[in-house]
Amino acid sequence: MYNDREQAGACLPVFCATFFSAVGQTMDYEYLFELLAGGVIKGSIYALIALGYTMVYGIIQLINFAHGEIYMISAFVAFIVAGVLTMAGHGGLSVLVLAALVAMLYAAAYGYTLERIAYRPLRNAPRLSPLISAIGASIFLMNYVQLAQTPDFLPFPALVPDFEFLEPVARYLSSIDLIILVVTVVTMLALTVLIKYTRIGKAMRATQQDMVMARLVGINVDRVISATFIIGSVLAAIGGVLIGSRTGQINAAIGFMAGIKAFTAAVLGGIGNIPGAVLGGIVLGVAETLGAGYISSAYEDVFAFGLLVLILIVRPAGLLGKAVRQKV
């Protein structure tokens, strides 16, 4: 009995030290800012992929579960192009730009082909059929890349040099982080302008409101839907190249969880809403990073999906979504 008390007395100072260390860590504002910065960057990647989800769903109310695999394939294409250019003696941002352009072209081709083969024949089928087709396409593409490449992680080359003007804030923001932020903001603004002010954007909005009436006024609905898939796939390609550059590694499974998280971000912000997809991605990324930093990284996914459930209970349409009345 005495030994047990002695051991308990010895453990008490250790417990107190651990507790007060955790409290001190929660009061470390530099650590907090570091987590917030990392969460915003992570959320920006989610946002780039979520924009593709929200565009497709906004037009034809389809959840394109193969969207994450487009993101993954784009990262592999950029990896191959960057490797070839690096071996040829090239380097720096020019390699990143060229790799991104090739990946975007490949992603656009995959998105268009996917829409023509997996979704267009089922457009008038029961709504469950396109959903099953999307899941099947996702599984097919992931296994195709595993067989064609490898299921193992591959090292993605570091293509972005350190920017000297970021040295004072290098702990919070790296050069690739800055590029991710700028690309996300520019992409959101460009998509907003595209949807509101261009001819194809007006056709997209007309198709979203009533596909039958859009056909009657002369809009080529099939072309509009294909363009939507192409634009969404290009956005996923940008995300794939940037996340590969940031993490330094890729494999055939990165698309699955990234796609699920991006879809969660789209629902969180209000699916069908472009600023909502960006806001949802950032909120999701910050929630994951704070939870992992202050509690445990093992529960990162729990924080993400728990936040989704909580917000949807309070706002079923999402943060920026609007409740839509359906005719019955």
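The values are calculated or read from the model by the stated rules, or taken from the named source; none is laboratory data. Please read all numbers here as calculations on a predicted model, not as lab measurements. Ideal geometry is used to build each Cβ from the backbone, glycine not excepted, and the neighbour counts take in all protein chains shown. For accessibility, only protein heavy atoms count, side chains too; no ligands or nucleic acids. Shrake-Rupley method; radii C 1.70, N 1.55, O 1.52, S 1.80 Å.
From the list Glu115, Glu69, which one is assigned to a helix (DSSP H, G or I), under 26 Å from Asn273 (Cα atoms), of a type in the set (D, E, K, R) and touching a Phe, Trp or Tyr at 6+ places or on another chain (Cβ under 6 Å)?
When all the criteria are applied, what remains is Glu115.
Counting only residues that are among the aliphatic types (A, V, I, L, M), part of a helix (DSSP H, G or I) and open to solvent by less than 40 Å² (accessible area, probe 1.4 Å), which one in the range 161-182 is nearest to Val234 (Cα to Cα)?
Ile180
When the residues of the range 214-264 are narrowed to those that are at pLDDT below 90 and of a type in the set (Ser, Thr, Tyr), which ends up farthest from Ile179 (Cα to Cα)?
Per the criteria, the residue is Thr264.
Do we find a residue being more than 21 Å from the chain's Cα centre (by Cα), free of Cβ contacts under 8 Å to residues at least 40 places away in the same chain and either over 20 Å from Pro275 (Cβ atoms) or part of a loop (DSSP other than H, G, I, E, B) (or both) anywhere in the range 149-157?
Checked the range 149-157: no residue is more than 21 Å from the chain's Cα centre (by Cα), free of Cβ contacts under 8 Å to residues at least 40 places away in the same chain and either over 20 Å from Pro275 (Cβ atoms) or part of a loop (DSSP other than H, G, I, E, B) (or both).
Look through the range 56-73, keep the residues that are in contact with a Ser or Thr (Cβ under 8 Å, 6 or more places away or on another chain) and open to solvent by less than 10 Å² (accessible area, probe 1.4 Å), and return whichever of them is farthest from Ala237 (Cα to Cα).
Among residues in the range 56-73 that are in contact with a Ser or Thr (Cβ under 8 Å, 6 or more places away or on another chain) and open to solvent by less than 10 Å² (accessible area, probe 1.4 Å), the one farthest from Ala237 (Cα to Cα) is Val56.
Could you grab me the full set of residues in the range 247-275 that are open to solvent by less than 10 Å² (accessible area, probe 1.4 Å) and polar (S, T, N, Q)?
Of everything in the range 247-275, just one residue is open to solvent by less than 10 Å² (accessible area, probe 1.4 Å) and polar (S, T, N, Q), namely Thr264.
Just give me the residues in the range 119-141 being within 10 Å of Asn64 (Cα to Cα), crowded, with 16+ Cβ neighbours inside 10 Å and touching a residue at least 24 places away in the same chain (Cβ under 8 Å), in sequence order.
Tyr119, Pro130, Ala134, Ala137, Ser138
Can you tell me which of Ile230, Ile200, Ile225, Ile195 is of a type in the set (Val, Ile, Thr), assigned to a helix (DSSP H, G or I) and open to solvent by less than 10 Å² (accessible area, probe 1.4 Å)?
Ile225
Given the criterion in contact with a Pro (Cβ under 9 Å, 6 or more places away or on another chain) and among the β-branched types (Val, Ile, Thr), identify the matching residue among Ile63, Ile41, Ile45.
Ile63
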